[in-house]
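The values are calculated or read from the model by the stated rules, or taken from the named source; none is laboratory data. This one's a predicted model, so the numbers in the text were calculated from it and none came from an experiment. Glycine also receives a Cβ, built like all others from the backbone with ideal geometry; neighbour counts cover every protein chain displayed. For the accessible areas, the whole protein counts, side chains as well, though only heavy atoms, and no ligand, DNA or RNA atoms are used. Shrake-Rupley method; radii C 1.70, N 1.55, O 1.52, S 1.80 Å.
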Amino acid sequence: MADTYVRERSTKGRKDLSYPAAPEPLTVPVYDNHCHLEITDGVEPLSLREQLDRAGAVGIAGVVQASGDIESSRWAVDAAASDPRVLAAVAIHPNDAPTYQQDGRLDEAIAVIDELAAHPRTRAIGETGLDYFRTDEPGRPAQHESFEAHIALAKKHGIAMQIHDRDAHDDVLETLARVGAPERTVFHCFSGDEAMARTAADAGYWLSFAGNITFKNAQNLRDALHVTPLDRILVETDAPFLTPVPLRGRPNAPYLVPVTMRFMAAELDMDLDELCAQIAANTLAVYGSFD
């Protein structure tokens, strides 16, 4: 299954669909803790092995393959079972939860996620959470129901949880505080501000930064990075989305993590190798060994 694709990324409004050249390799390897390699992109799509080989050549030791529905969750587990450089995260995406509920299949879908979460290469429930940008008020109760069910699954299986939070910061934090967050909770593609970063870090959550931290209009993310304790920082691509500047708009992939890592190190005025070592240790603390 991992040799095929679940869906294609839209090409609408994008001019350059070629994959960028590989950046200078990192000396100290890190991990891409959130990507979607089941989505094909670019004029010459890369297979799973090609993605992982390119990543390894520039110092990306492994990836966490995230999911959003039953099909992509099964793909993630299959990929993780087939290659030691991959760990799986499985979930029903908050924007898909209302559709599953309307079809009378939300409970059934969560039961499938429960089964997939028991696989030894599944190390996270994700991505789950709340999204008030794409889902209007009528669909939000289904999101809340799904989110709380996923929190319970992460606790049941003793694995991490990756949160999708878009325009729903207060409700996400309230839900976690009310029902109790899993021991290892990650804000995937953190989108809050400095104040939220402080709140999340104080609660013991990890903040994962993606290529959009390099965007000109993302000062809130740079401010958040500065106040996040070093032992709570993770890095991701969210590939094939959020390609970092100056490559924005082109296909993203785990092998481009070094671009974001160098930007973050410069932003923090920190030695790159030191930051890489810390983020690698953080990643393993959240998800466990890739071996």
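Run Ala55 past the list (1) over 19 Å from Pro251 (Cβ atoms); (2) open to solvent by less than 10 Å² (accessible area, probe 1.4 Å) and report the number of the one that doesn't hold.
Ala55 satisfies every listed condition except (1).
Please verify whether the range 101-109 includes one or more residues that are more than 18 Å from Ile163 (Cβ to Cβ), surrounded by 20 or more Cβ atoms within 10 Å (Cβ to Cβ) and of a type outside the set (Val, Ile, Thr).
Scanning the range 101-109, I find at least one residue that is more than 18 Å from Ile163 (Cβ to Cβ), surrounded by 20 or more Cβ atoms within 10 Å (Cβ to Cβ) and of a type outside the set (Val, Ile, Thr), so the answer is yes.
What are the pairs, 6+ residues apart or on separate chains, where a residue within the range 148-174 that is in contact (Cβ under 8 Å) with a residue 24 or more places away in the chain and assigned to a loop (DSSP other than H, G, I, E, B) has its Cβ under 9 Å from a residue that is open to solvent by 20 Å² or more (accessible area, probe 1.4 Å) and of a type in the set (Phe, Trp, Tyr)?
Asp167/Tyr132; Asp167/Phe133; Ala168/Tyr132; Ala168/Phe133
What residue, among those in the range 259-291 that are among the acidic types (Asp, Glu) and part of a helix (DSSP H, G or I), is surrounded by the most Cβ atoms within 10 Å (Cβ to Cβ)?
Glu267
For the range 29-52, which residues satisfy the criterion of being touching a helix residue (DSSP H, G or I) at 6+ places or on another chain (Cβ under 8 Å) and open to solvent by less than 40 Å² (accessible area, probe 1.4 Å)? So that I can check it myself, show each step before the final result.
Our first condition is that a residue be touching a helix residue (DSSP H, G or I) at 6+ places or on another chain (Cβ under 8 Å); within the range 29-52, this holds for 29-33, 35-38, 46, 48, 51-52.
Across the range 29-52, the qualifying residues are Val30, Tyr31, Asp32, Asn33, Cys35, His36, Leu37, Glu38, Leu46, Leu48, Gln51, Leu52.
Conditions tested, residue by residue: (1) surrounded by fewer than 24 Cβ atoms within 10 Å (Cβ to Cβ); (2) within 25 Å of Asp171 (Cα to Cα).
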position	(1), (2)
Val64	no, no
Val86	no, no
Ala91	no, yes
Asp96	yes, yes
Ala124	no, yes
Thr128	no, yes
Tyr132	yes, yes
Arg140	yes, yes
Ile151	yes, yes
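With Leu256, Leu221, Leu247, Leu242 as the choices, which residue is touching a residue at least 40 places away in the same chain (Cβ under 8 Å) and assigned to a helix (DSSP H, G or I)?
Leu256
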